[in-house]
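> I'd like to ask you about the structure that follows.
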Amino acid sequence: MLSPRSLLTALSTAALVAVGLAAAPPAQAYGYFSVHTFERGSGAPVPYVCYSVEDLGAGGTLASACDNDGDGMVLLETHADECGDCRVHQSLPDLPTGEKTPYLLAPDQDGGWHPYVFHNYLKPYLEVGYRDAHTEVGLPGACMTVHEKEPSGGAFAGCDGDAPNGENGDHDGERNAVIRTARLPHDGDYTVATTNRFLPTGYVKPDPVDLYAPPAEPGDVVTHTFELTGTAGIAVRAVDARRPRKAVKGACYVVRDRTLGGASLGRFCDGSVRSGLAGDEDQAANGVLTLVLLAGGHEYVIKQRSVPDGYRVTKKATVVTAVSGESTVVTVRTSRR
Ligand SMILES: [Ca+2]
Ligand SMILES: [Ca+2]
Ligand SMILES: [Ca+2]
């Protein structure tokens, strides 16, 4: 006769090889079976899971145990001769460190005697970026909140660069224009809202967005980038250097944001059709290039690049500081050939 210990070993080994095979009832009199949990995607063992076994026939809990040694497996002893109609339920207590589990619960498993194997998804998390809509340069330091829609409730609050603080704070630990949340309580729908405090200056607070966060495997992350615009405008007038009342129509310019390290907004032409943020707001070749939705307080460098026949490109750049809610007029004197 096998000792209980060697029987356990034998059962455990049998459990591992029997995964996915038809249930072959092992020595029922002893009432042992193994339960394993693995991470979806990686197949890594999931430690510290607890289980309870419900008797669906007679009712009541037949056994319960936790994976206290953290190897991803427990042997459950039911103290019953038979367990033909069992349901195994997982629970995910806090980790020994006191942190919440990074895993989502796996569904209950029904069945008779067989090795039970659970595959758990990870809880999802978000990475939310902020960048200037014109230059696509990242804007560090923004703050946001994340609310779960159902069941409704706050799930996260933090600012880019904050130290992680429980579920809150920035979990990438860097001031890098991206806020990484902790793993969220559930998969599901979340609303991400930018808060007024510590919004990068010169920009308008963006509307909240709804994001669906599905169950995650390792490496999965839900991302969103807020494209921030401001309320400042610049009107670039090109005039004849000799006759300042004469508009020079159809000139083109390259605009750079000096505040964002000289990043280019692109090439803009007086009279070009507007498409998104590109083009001329007034869409008329009238001698004025109208730039809108710029960041208040930023310094823009405007350089003429092409002019109508008969004129010479003005090489000297114009530097102007945009003002929120205003359109600042600058004049580029353009000489004849
Ligand atoms: Ca164990
Ligand atoms: Ca960050
Ligand atoms: Ca125009």
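> Within region 34-134, considering only strands (runs of 3 or more DSSP E) that don't extend past its boundaries, which have at least 3 residues that are crowded, with 17+ Cβ neighbours inside 10 Å?
Hits in region 34-134: 50-55, 73-77, 86-91, 116-120, 126-132.
> Would region 206-214 turn up any residue that is touching a residue at least 24 places away in the same chain (Cβ under 8 Å), surrounded by 14 or more Cβ atoms within 10 Å (Cβ to Cβ) and in a loop (DSSP other than H, G, I, E, B)?
The answer is no; no qualifying residue exists.
> I've got another one for you. Just give me the residues in region 220-235 being closer than 17 Å to T201 by Cβ and not in a strand (DSSP E or B), in sequence order.
Residues satisfying the conditions are T229, G230, T231.
> Restricting attention to strands (runs of 3 or more DSSP E) lying wholly within region 236-323, give those where 1 or more residues are closer than 17 Å to S335 by Cβ and at pLDDT 95 or above.
Filter on region 236-323 gives 252-257, 299-306, 318-321.
> Within region 139-160, does at least one residue satisfy the condition of being within 16 Å of ligand 1 (Cβ to nearest atom) and not aromatic (F, W, Y)?
no
> Residue under question is D257, and the condition is that it be assigned by TED's automatic domain parsing to the domain that holds Y300, away from ligand 3 (no atom under 16 Å from the Cβ) and touching a strand residue (DSSP E or B) at 6+ places or on another chain (Cβ under 9 Å); does it hold?
Considered against the rule, which asks whether it is assigned by TED's automatic domain parsing to the domain that holds Y300, away from ligand 3 (no atom under 16 Å from the Cβ) and touching a strand residue (DSSP E or B) at 6+ places or on another chain (Cβ under 9 Å), D257 comes out as yes.
Here's the yes/no breakdown for (1) within 16 Å of ligand 2 (Cβ to nearest atom); (2) crowded, with 20+ Cβ neighbours inside 10 Å; (3) not aromatic (F, W, Y):
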{"position": "M144", "(1), (2), (3)": "yes, yes, yes"}
{"position": "G154", "(1), (2), (3)": "no, no, yes"}
{"position": "A157", "(1), (2), (3)": "yes, no, yes"}
{"position": "D187", "(1), (2), (3)": "no, no, yes"}
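> OK, next. Going through region 170-181 one residue at a time, which ones are modelled with pLDDT of 95 or more and part of a loop (DSSP other than H, G, I, E, B)?
Scanning region 170-181 gives D170, H171, D172, E174, R175, N176, A177, T181.
> What's the number of the condition L16 fails, among (1) at pLDDT below 85; (2) part of a loop (DSSP other than H, G, I, E, B); (3) surrounded by fewer than 14 Cβ atoms within 10 Å (Cβ to Cβ)?
Tallying (1) at pLDDT below 85; (2) part of a loop (DSSP other than H, G, I, E, B); (3) surrounded by fewer than 14 Cβ atoms within 10 Å (Cβ to Cβ), L16 fails exactly one: (2).
> Using beta carbons and a limit of 7 Å, which pairs, at least six apart or on different chains, have the first residue in region 90-109 and aromatic (F, W, Y) and the second one not in a loop (DSSP other than H, G, I, E, B)?
Here the result reads Y103/N120; Y103/L122, each pair linking region 90-109 to a residue that is not in a loop (DSSP other than H, G, I, E, B).
The values are calculated or read from the model by the stated rules, or taken from the named source; none is laboratory data. What you see is a predicted model; the values in this text were computed from it and never measured. Don't worry about glycine lacking a Cβ; one is built from the backbone with ideal geometry, like all the others, and counts go over all protein chains shown.
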